[in-house]
Every structure is written in structure tokens, then in C-alpha cells.
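Visitor: If you scroll down you'll find the structure; I have some questions about it.
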Amino acid sequence: MEWLLFVPLAALALGTAAFVILLRNPIYCALALVGTFFALSGLYLLLQAEFVAVVQVIIYAGAIMVLFLFVIMLLDVGHEPPPWLRRDRPRLLLGLGLVALLVLELAVAIGSWIAPGIRGPYTSDYVNAVGNTQLIGRLLFTEFLIPFEITSIILLIAIVGAMVLARRQ
Amino acid sequence: MRGAGCGVRGAMTGTVPLSAYLILSAALFAIGVIGVVIRRNALIIFMAIELMLNAVNLTFVAFSKFLGSMDGQIIVFFVMAVAAAEVALGLAIIIALYRNKESVNVDDINLLKG
């Protein structure tokens, strides 16, 4: 009964995502986003992607959200007026119109359902036999070795860049 | 919906079809875009961007499962690494902006506006 797990997790993801963009206090938004990350992690487990599910909790819910919370507390961010009280309403409506267009486009793309692609060798049974994490590790250090190494350079540049930007002059 | 995405309603008793994941992912992405459009707080715009990245990650993992390929999960790994770098830099920029402007409202940040 996958649906029994999918429906609550999907509802949790959508509900907390809505809270992220609707709540006024940034701290509550951040906590709602943690909820979205956990719901998505559950969905990854449902999709038999155990490694991604655990990494999702460690990196997103752990590292990234802690960074967000620290910055929110550091900056003493005030409340913003709700969007329906803003003066630039025409621009807001234009933006929402474009969002509606995007949603329409996504609906058409999902609804038309063209070629589902070529099936790869990693069937559910094979992944279960070898192990999801082992397979990802093996691929990362063989087929995807160069992107993997480049990622480390990106992270190094990000660390140095963040230090330079956030430093007091 | 045809093919592997065979009707959501008809499959209510069996496994969850790919289309259900794609619809959920599209909805999450749309919520993220709406957040970027309606909010003026740079931090919350950032959170909405994270939401969009996560929606795309869900698509990758779903396709990875339904197509029997590991590539999607590897890409998600890279997306997470880049997202971590992006958040570190973005928050550093927001802190630098706050030092100069005493505000994180994107309407106040208009130095480049002619």
C-alpha cells in the first residue's frame, strides 16, 4: 500500500511548502521548510533511494536550514506587509499571471506524456541486492569521478567566497 | 495520462505511478515560484528557491526509480552540493547587503536601477 504512505507525505510536503511562502515570521517559514524536507525525505525512501533520503535530512534539514536560522537570528529581520497590501499590485499580478502560465505549461508537459525514455539496468531487485548506497558510491568514483572532483572545487570556492563576502571591512 | 503514468485513479490500490510524483513535484515547484513572486524578504525568496530545487530533485529520483537508472540519484547528489554552495554564498551576500542597507527587503535594494 504505497498510497497509504504517499498521500500523507505528499500532503505534508505541499502543506508545509505553502506555509513557507505564506507565514509572516521568517523563523516559522524556516521551520516549515524543514517539514517539507522531511516529507521529501520520506518520499525518497518510498522511491527506494535510501542514500538520497538520508543525505536530504543531513544536508538540507541539518546543514542548510541551520545556516538559514543563524542568519535569520543574526539579522533581526522585521515583518513584511502582506502581499495583498502592497502598492505595486500591477507588477504582482503580472508575476502571478506568469506563474499561472508556467503551471499550465507543466500540466501540459505532464499530461501529454511523451516517450518515457530508455530503461536502464538498475531494476528494483538489482538495487536491493547490491545496495543503493554501494551503487551510488561505485558510480561516483568511476563514471562520475570528474564531476565529483569538480564539486569539491565548487565547495572550496564557496567557502572562501562566503568568508570574503561576510567579513567585516 | 498514458504509458507508465497510467491513470492516477485507476491505480489507487497498487503502486504509486510516476505521474503522481511528477504532479506533486510540479505543484511544489509552482509553490516555490509563487513564493519568489509574492515575497519581498530576500531570505524567504531564498527558501522558495530551495523549494524549487527540491521539487526538481524529487523529479530526478522518481525518474531514476521508474526508468531503472542510477543517474538521477547521482545528479541529486550534485544538486545538493551545489545548493549548499549557493546557500553559503547567497546568505553571505544577504549579510553584506544588510550591513550596507539595514534591510533584507528586495525593494530597498535598487542600486543598479538607473
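What follows is calculated from the coordinates using simple rules that are stated; it is not laboratory data. Note that the structure is a prediction, hence the values are computed from the model and not measured. In this analysis, Cβ positions are derived from the backbone assuming ideal geometry, glycine residues included, and neighbour counts consider all displayed protein chains.
Visitor: Give, to the nearest whole percent, the P(r) tail of chain A beyond 21 angstrom, counting all Cα pairs.
Guide: 69
Visitor: Going by alpha carbons, how many degrees (0 to 90, nearest 10) lie between the helix axis of B:18-38 and the longest principal axis of chain B?
Guide: Here the helix axis deviates by roughly 10 degrees.
Visitor: Across 10 Å bins from the origin, how do the percents of Cα pairs in region A:121-169 run, short distances first?
Guide: Here the calculated profile for region A:121-169 is 23, 29, 23, 16, 9, 2.
Visitor: Would you kindly calculate the translational diffusion coefficient of chain B, applying Stokes-Einstein with the Kirkwood radius from alpha carbon pairs, for 10 °C and a viscosity of 1.306 mPa s, and quote it in µm² s⁻¹ without decimals?
Guide: Using the Kirkwood radius from Cα pairs, D works out to 97 µm²/s.
Visitor: What number, rounded to the nearest 500 deg cm²/dmol, is the helix-based mean residue ellipticity at 222 nm of chain A, given -39500 (n - 2.57) per DSSP H run of at least four residues and division by all its residues?
Guide: Rounded to the nearest 500, the figure is -23500 deg cm²/dmol.
Visitor: May I ask you to sort B:PHE29, A:PHE70 by Cβ crowding, counting other Cβ atoms within 10 Å and putting the fewest first?
Guide: A:PHE70, B:PHE29
Visitor: When chain A is modelled as a GNM with alpha-carbon springs shorter than 10 Å, which of A:THR133, A:THR16, A:THR36 fluctuates the most?
Guide: A:THR133
Visitor: Counting other beta carbons within 10 Å of each residue's own, what order do B:ASP108, A:ASP125 fall into, fewest first?
Guide: Sorted ascending by nearby Cβ count, the order is A:ASP125, B:ASP108.
Visitor: How big is the shadow of the Cα convex hull of region B:8-73, averaged over all directions, in nm²?
Guide: Its average projected convex-hull area is 5.2 nm².
Visitor: How tilted is helix A:2-22 with respect to the longest principal axis of chain A? Cα atoms for both, answer in degrees (0 to 90, nearest 10).
Guide: Between helix and principal axis, roughly 30 degrees.
Visitor: Suppose we look only past 33 Å in the calculated P(r) of the protein assembly as shown. What percent of the Cα-Cα pairs does that tail hold?
Guide: 27
Visitor: With charges set only on the Cβ (+1 for Lys and Arg, -1 for Asp and Glu), what does the dipole of the protein assembly as shown come to about its Cα centre, in debye to the nearest 20?
Guide: So the dipole magnitude of the protein assembly as shown works out to roughly 660 debye.
Visitor: Debye calculation, C-alpha points only, no solvent: report log10 I(q)/I(0) for region A:1-77 at q = 0.13 Å⁻¹, in the same order as the q values.
Guide: These q points yield log10 I(q)/I(0) values of -0.42.
Visitor: Next question. With angles folded into 0 to 90 degrees, how steeply does helix B:71-101 sit against the dominant principal axis of chain B? Use alpha carbons for both and round to 10.
Guide: 20
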